[in-house]
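Report on one structure; see the data block that follows.
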Amino acid sequence: MGSNAERNTLTINSCDVPIVVGDNVVERLVETSQKYDRVVLIAGSECFEKFGEHVPDLTGIRGEFTKITLNFDENLKNIRNYQKIIRVMIERNINSDSLLIGLGGPRLCDISGFIAATYRGGIDYIPVPTLPLAQVSNAVSGMNGINFSNFEDAMATRYSPREIDIDTYFTRNSENEQFRDGLSEILRYGLLGDHSLLTMLHSHEDLKELKASDNLIRLLSRTAQTRVELSENTDLLRRKSLNFGKIIGDTIIHVTKGRAKYHEAITSGMLVELYLAERSGLSGREAREKILSVMDNYGIKKSNIREIGIDNIVKALNERYNIDNHNLSFVVPEELGKPAAFEMSSDRIISALRAFTEQYEFNPVV
């Protein structure tokens, strides 16, 4: 492993978890794997197609090595794949003292973590996220889930990895759209917690410059720490602030059946929720200006609420949150790092969404 790396300890689910972020961090897997009699690597097929030469060969480790490759698709983290993997692990006599490595994007990290948490009472687990979104969210969340029927993460666990390895080779070589997905999360955490994340984002002119910068290691490392600090915070309002942008953003993704790009939906979700907050008497102007600045800098576009359909969005919100019978609660950064809560009825949400589209859909500046 190269010397250009940051090492820290995160407290995830009350457990101390080492995290290493830097160039060629993936090479750590060889030394770590030598400590186990059995090692299982679960990886997405796209990882080997794109990063095969960078992934270390573990076939020469002293213990028994099992590689399981999953084809990338929207249904990757389903119960069928879970059952297939468990069956393979049973057949290979994987015991509770084994190591499981998850190499891939957000869905791959989720299903790998869920398997590690549930197989024989839990086995050691190391996520090696290859996409920026997984690097700053799924791999450090301490939550692992799989889908059932049409329910996202219907089965989920809280489980702490043995360690987390984030190799910036994967980050630097990610597609621009994938990189923007991660940026939308970094932006959220900067607004909710550590303002230095916003400073680092604003210190670069575009994606190309940020990808090549040595600053990337610090940005990813500090983002992971901020994510964990928010989720483990004893202040309930700060924990709930992690939903900022996700209530509307995830609903946009759901309504469009995944056609909406993650970063566009989440940044649009943040803008809409700030607008709803302003209609409720809160001020989110500073946060809104920061969002728009980052969107402009890194080429992030807005989702079109009018095209998606206000009725479709409200219907989905009702299915997810039963807003016909209860007000929907939101938490937004009224000021940078200062969360504020408010509630809205379905009628007021409809009215506010209509006003939002009338005021901003045909205006490039919100």
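Here are a few things to note about the model shown:
- Among residues of the stretch 232-244, those that are assigned to a helix (DSSP H, G or I), out of contact with any strand residue (DSSP E or B) (no Cβ under 8 Å at 6 or more places or on another chain) and surrounded by 15 or more Cβ atoms within 10 Å (Cβ to Cβ), counted: 2
- Here Tyr125 clears all of (1) within 23 Å of Ala154 (Cα to Cα); (2) in contact (Cβ under 8 Å) with a residue 40 or more places away in the chain; (3) of a type in the set (Ser, Thr, Tyr) except the condition numbered (2).
- Among residues of the stretch 304-323, those that are among the small types (Gly, Ala, Ser) and in a loop (DSSP other than H, G, I, E, B), counted: 1
- Filtered residues of the stretch 58-86 (kept if under 24 Å from Ala156 (Cα atoms), of a type in the set (D, E, K, R) and in a loop (DSSP other than H, G, I, E, B)): Asp73, Glu74, Lys77
- Scanning the stretch 19-59 for residues that are touching a Gly at 6+ places or on another chain (Cβ under 6 Å) and small (Gly, Ala, Ser) returns Ala43, Gly44.
- All conditions but one from (1) basic (Lys, Arg); (2) in a loop (DSSP other than H, G, I, E, B); (3) farther than 19 Å from Tyr275 by Cα apply to Lys301; the one that does not is (3).
- Output for the stretch 139-156, where each listed residue is surrounded by fewer than 24 Cβ atoms within 10 Å (Cβ to Cβ) and farther than 26 Å from Arg7 by Cα: Gly145, Asn147, Phe148, Ser149, Asn150, Phe151, Glu152, Asp153, Ala154, Met155, Ala156
- Here Glu264 clears all of (1) of a type outside the set (Ser, Thr, Tyr); (2) touching a Phe, Trp or Tyr at 6+ places or on another chain (Cβ under 9 Å); (3) under 28 Å from Met200 (Cα atoms) except the condition numbered (2).
- Counting only strands (runs of 3 or more DSSP E) wholly contained in the stretch 134-181, the ones carrying 1 or more residues that are free of Cβ contacts under 8 Å to residues at least 12 places away in the same chain occupy 151-158.
- Residue within the stretch 151-162 that is within 18 Å of the chain's Cα centre (by Cα), acidic (Asp, Glu) and modelled with pLDDT under 95 present: yes
- Hits in the stretch 205-227 (condition: surrounded by fewer than 21 Cβ atoms within 10 Å (Cβ to Cβ) and either among the β-branched types (Val, Ile, Thr) or outside any helix (DSSP H, G or I) (or both)): Glu205, Asp206, Ser213, Asp214, Ile217
- Among the residues of the stretch 3-25, those identified as farther than 14 Å from Asp214 by Cβ, surrounded by 14 or more Cβ atoms within 10 Å (Cβ to Cβ) and β-branched (Val, Ile, Thr) are Thr11, Ile12, Val17, Ile19, Val20, Val25.
The values are calculated or read from the model by the stated rules, or taken from the named source; none is laboratory data. Given the structure is predicted, the values throughout are model-derived calculations rather than measurements. For neighbour counting, all protein chains shown are included, and Cβ atoms are generated from backbone atoms with ideal geometry for every residue, glycine included.
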